[in-house]
Every structure is written in C-alpha cells, then in structure tokens.
Amino acid sequence: MISRRHFTLLCGSAALAQTPSEKIEVDWHDASQLTVEGLAFQDRKSPWDRLPARAEGVVRKEVWALSRDTAGALVRFTSNATELRARWSLTRKSLAGVNMTAIGASGLDLYVKTGMASWRWLGVGRPAETPQIEAVLATGIPSGEREYMLYLPLYNGVSSLEIAVPKGATLKAAAARPAARKPIVFYGTSITQGASATRAGMCHPAILGRWLDRAVINLGFSGNGRMEPEVLKFVNEIDAAAFVLDCLPNITAKEVEERTEPGVRMLRAAHPDTPILLVEDRNYPQGFLLPAPRERNQSSQAALRAAFQRLQKAKVRGLYYVSASELLGDDGEATTDGSHPSDLGFVRQAQALEKPLRKMLK
C-alpha cells in the first residue's frame, strides 16, 4: 500500500517559474510503490540500482559505481491532480558534469500521455541543492485523470523518491504493460547512459521507448561500455524483446574484434530468437578535417562490420546493423563536445535506430 502523510507546501504560481505563491496541503506517495520501469533485476542493493546486488565484485568497480546511477529508470502513474510535486534524495554530491545540465544529470523529467502511444513533455524537477531536493513538476493542470511518466536522473543515483498531489487528489500506479510486451535492452557507453542530453527524457533510449511504446532497460556505463563478458552475463539474464549493443565508443578495433562475436554468441545461446542490433560508433564531427578521430572511427567500424559478416556467414540468425553515417548526420551540429550528442543528436540517433527496431519488434 502506498504510504501517505500530510505536509504543508508552497504552491508555485506557474509551472515554469516554480515560484511559491500559496500554502496547500498535500499527500506524499512513495514512487517505488507505483509502476516502475527501466530496472531489470529484483535483487537490488538499493531500490533504484540498475544491476543486481550480486554484480558487485563481478563487474569492474567502475561499472558497479555507474550502475547505481538511475539512467533509464522511470515511474508511471495516473492522477487527477492540478499540481504535481516531487522530492528526491541524491547519492552523489555533484549535480552536473562539464557536458551535462544539472536537470539532465540529477533532475526529474515529466511527460503526460496524450493518446494511445503518444507522450508530451510537461515539466522538470530542478535540482537546486543536494542531497535532498523538493520541486514543483507542474502546476495549474486542468482537472481530469491523466497518465504520467517521470524519468529519474541520468548521471546520479537516487536513494528515495516521493511524489506529492494536493490533499484529496488521486495518485495511482499506472497499468503494467502486458507480459508479452518485453523491454528493449541497450548496452553501451556514456552516450547510451545519456550524456549530454539536457534532460532525462531526451536520451535516445528514452525517446525510442516513447516512440515504440516499450519499456527500455538502459545499461549505459559512461566510459565503461566495453562489451565485457562480466556485464553481458547480466544482460543475458534479461528477457528482452531486442538487444542493442552499442559499445564501440569505449573499445578499440582490437577489442571489437575480440569481444563482438563471443558476446553475440553468448546472447544467442540463451535467447535463440531475440533480435540483436549492432551499432557502429558515431562519427566524430571533427573527423572531416582531423585524421586521428577519423581513423579511430574507421578502424573500430571496420572491425565491427567484419565481425557482423563473420556472424552472418556462420548463419547466426536475427542480427541487424546500423552504420555510423546514419546516427548524427553530416553537418557537424549534433554534439555538445565533438563526442556526446546534443538533444538534436539524440533525436537523430533515435531516428536512425527506430527503423531497424520496428522491423525487429515485429
């Protein structure tokens, strides 16, 4: 049962300004008791971890630390409230990185359902302080029952999350997805984790989750998405609709050659019919002029294509492939720092993956 307690809060006069204007009494709800998506394992050390507790000491310490960030985790709920608030406790002191906004790294991102499989952005929870934050997500909402989706931070961990509605308003868990509608699993790097999306709902796994009306498991590990068997062991436990392997930005051509085929065969042995999408690394936009980044791309991409061809020749079924040229465009305008996508880059990357994923999910 969802725990409730009354609390007096200041109500914002406008959703964007989030400026207190009057006192209202609200009920607080533990978000972990609502419909949680994006977390594949039940045996977690903390309620919002992305890997199970037994992964500690199995995966490298850097991967374990990053797995405690909440990238991809979200809460779905229904409410007739005219205002939504949240408070959450962060596990890291830093609110943002040099290539991340504080809202994307440590904030919340709210969407509202507007059709059968259509979602629109509504508001954010701004992380103005740490570790405990309280913020208006949206206010002045017209009366009526609606379904909401609230994304958790991309580059911070959360030890607790609560959602508040005005006293007397309803807040309930949204209907769970049908069991047959399995999640899409992404295993990758900082780009998969969400750097440098301005908010959590703008990284490409989240975008694709909305477009394809699917739950998404985001196993992006910043700087540490290395196609490692120790991590793939846990990826392999997930009953997925599709696997997306997107590790090239963190591994060299030699590592691509050594790890791709064993990794794919590991997944295929446990999931004989689940489609697998191999993704080349995005082209560095400065590579049109600078030889070093261009050669880095070309060598790893060539190694992945060769591995894909060998797997096809060996008649490994259900493999799909996305080339780098499709990911960010060729105008050089889709990254924040020459490596990590901007929101524009994430939309383009989602568009590049949408077509093969739709085909795979059939």
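Dimensions of region 184-361 based on its C-alpha atoms, expressed as ranges along the principal axes with the largest first, amount to 41, 35, 27 Å.
What's the local net charge at ASN80, with K and R +1, D and E -1, over the other residues with C-beta under 12 Å away? Once positives and negatives cancel, what remains is -1. Counted over all Cα-Cα pairs of region 191-260, pairs farther apart than 15 Å make up 58 percent. Taking Cβ atoms as reference points and 10 Å as the exclusive limit, the residues near ASN218 contribute a net charge of 0, counting Lys and Arg as +1 and Asp and Glu as -1. Quick one: grab the alpha carbon gyration tensor of region 138-286, order the square roots of its eigenvalues as a ≥ b ≥ c, and give me rounded if a/c is under 1.5, else prolate or oblate depending on whether a/b is larger than b/c. Prolate. Residues considered: LEU289, LEU34, LEU137. Largest GNM mean-square fluctuation over the chain, using C-alpha springs under 10 Å, is found at LEU289. Counted by Cβ distance under 9 Å from ASP281, the other residues give a net charge of 0, where Lys and Arg count +1 and Asp and Glu count -1. Considering every alpha-carbon pair of region 242-300, the percent of pairs per 10 Å bin, from zero through the bin containing the longest distance, is 22, 44, 24, 10, 1. Averaging the Cα positions of each part gives two centres, and for region 302-324 and region 212-255 these lie 16 Å apart.
Note on MET116 and ALA292: the model spin-label points, each 7 Å out from Cα along the C-beta direction, lie 5.3 nm apart. With Rh defined as the Kirkwood radius, the inverse of the mean 1/r over Cα pairs, the Rg/Rh of region 31-81 is 1.08. With the convex hull drawn over the C-alpha atoms of region 279-362, the volume per residue is 82 Å³. When each of the peptides 291-299, 188-196 is scored by how many other beta carbons lie within 10 Å of its residues on average, the order from highest to lowest is 188-196, 291-299. The orientation-averaged shadow of the Cα convex hull for region 6-173, equal to a quarter of the hull surface, comes to 10.2 nm².
Overall dimensions of the chain, expressed as equivalent-ellipsoid semi-axes from the Cα gyration tensor (√(5λ), whole Å, largest first), are 36, 21, 18. Over 30 Å apart at the Cα level, from the set LYS113/LYS233; LYS45/LYS113; LYS172/LYS362; LYS113/LYS359, are LYS113/LYS233; LYS45/LYS113; LYS172/LYS362.
Note on region 184-361: with charges restricted to the Cβ of Lys and Arg (+1) and Asp and Glu (-1), its dipole about the Cα centre is near 540 debye.
No lab work stands behind these numbers, since they all come straight from the coordinates. Quantities reported herein were computed from a predicted structural model and do not represent experimental measurements. Positions of Cβ are generated from backbone atoms using ideal geometry, with glycine treated the same way; all protein chains shown enter the neighbour counts.
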